[in-house]
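Down below is the structure, laid out as structure tokens.
The values are calculated or read from the model by the stated rules, or taken from the named source; none is laboratory data. If you're wondering where the values come from, they're calculated on a predicted model, not measured in any experiment. Glycine also receives a Cβ, built like all others from the backbone with ideal geometry; neighbour counts cover every protein chain displayed. In case anyone asks, the SASA skips ligands and DNA or RNA and just uses the protein heavy atoms, side chains included. Shrake-Rupley method; radii C 1.70, N 1.55, O 1.52, S 1.80 Å.
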Amino acid sequence: MSYILEALKKAQAERQLGSVPTIDAAPSYGSAGTAPTNKLLWLALLVLALLLGLLLWRQMEMRTPPLLTPALVDAPVPQINPPTAQVHPPPAVPKAAEAARAASKAVAEAPAKPRQVAAAKPQPPAPVAAPEPAVPALRELPEPIQRQIPAIAIGGYIYSKNPADRLLLIDKSLRREGDELAPGLVLEKLQPSAAVFNYRGYRYRVPY
């Protein structure tokens with residue numbers, strides 16, 4: 001811009017100098033002296049116009065908003081949902097198992113107590129059964145007692161560890177322990193190989 005202004009000032013000064021006639025100068029007719037000045041003036045004006053146009057174009061370019069390329073703004077964006085993981089509920093725990101776990105947990109959390117060892121009490125020895133006195137045979141009784149004992153006939157017997165199941169066949173009748181066979185004669189006990197009778201306090205045995 002400074003070069004253009006200086007060129008305009010110079011052209012105007014030359015024009016003014018060329019238009020003022022001196023005393024000694026002869027009058028000139030025609031436009032031979034103004035032709036170069038007019039060319040410089042027009043050239044300066046043209047350059048100035050070009051510069052102004054360039055400046056205006058730059059300003060318009062800066063103010064003009066950039067062209068936006070059409071974008072698919074309104075197009076719906078497909079949403080991809082991630083696969084949801086199937087959460088399975090924990091298996092139901094039976095109430096008995098839960099109670100056992102709670103009891104074991106309470107026992108584990110409880111403070112350990114010192115165990116009291118009880119002194120073993122001496123147990124009394126088991127009573128030893130007194131040996132049963134030997135029962136004499138019928139022929140070993142006194143003869144007067146043997147004559148008083150009623151005669152019986154033994155046909156068979158059933159022996160068992162349970163006294164209620166023991167039976168003795170006497171005179172074709174089944175008898176049990178404690179039955180009275182005749183006046184004063186009682187079947188006292190059945191043994192594996194003999195029967196024990198009691199006649200008025202006299203005990204004797206009869207083998208099967």
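Computed from label points 7 Å out along Cα-Cβ, the spacing between ALA49 and ARG200 is 18.3 nm. Projected label points at ILE152 and GLU61, each 7 Å from Cα along the beta carbon direction, are separated by 15.1 nanometres. Largest first, the residues SER173, SER104 sort by 1.4 Å accessible area into SER104, SER173.
Calculate the FRET efficiency for ASN162 and ALA99 from the Cβ-Cβ distance with a Förster distance of 41 Å, rounded to the nearest 0.05. Between ASN162 and ALA99 the formula returns 0.35.
Of the trypsin sites (Lys or Arg not before Pro) found in the stretch 145-208, those that fall in a DSSP loop while having at most 15 other beta-carbon atoms within 10 Å are LYS161, LYS172, ARG176, ARG200.
Residue ranking by accessible heavy-atom surface, 1.4 Å probe, largest first, among VAL47, VAL206, VAL196 comes out as VAL47, VAL206, VAL196.
If the chain linking GLU180 and LYS9 were pulled fully straight, counting 0.36 nm for each residue of separation and taking away their Cα-Cα distance, it would gain 43.8 nm. Approximating the spin labels as points 7 Å out from Cα along Cα→Cβ, the LYS39-to-SER193 distance works out to 17.6 nm. ILE149 sits among other residues whose Cβ lies under 12 Å from its own Cβ, and their net charge, with Lys and Arg +1 and Asp and Glu -1, is +3.
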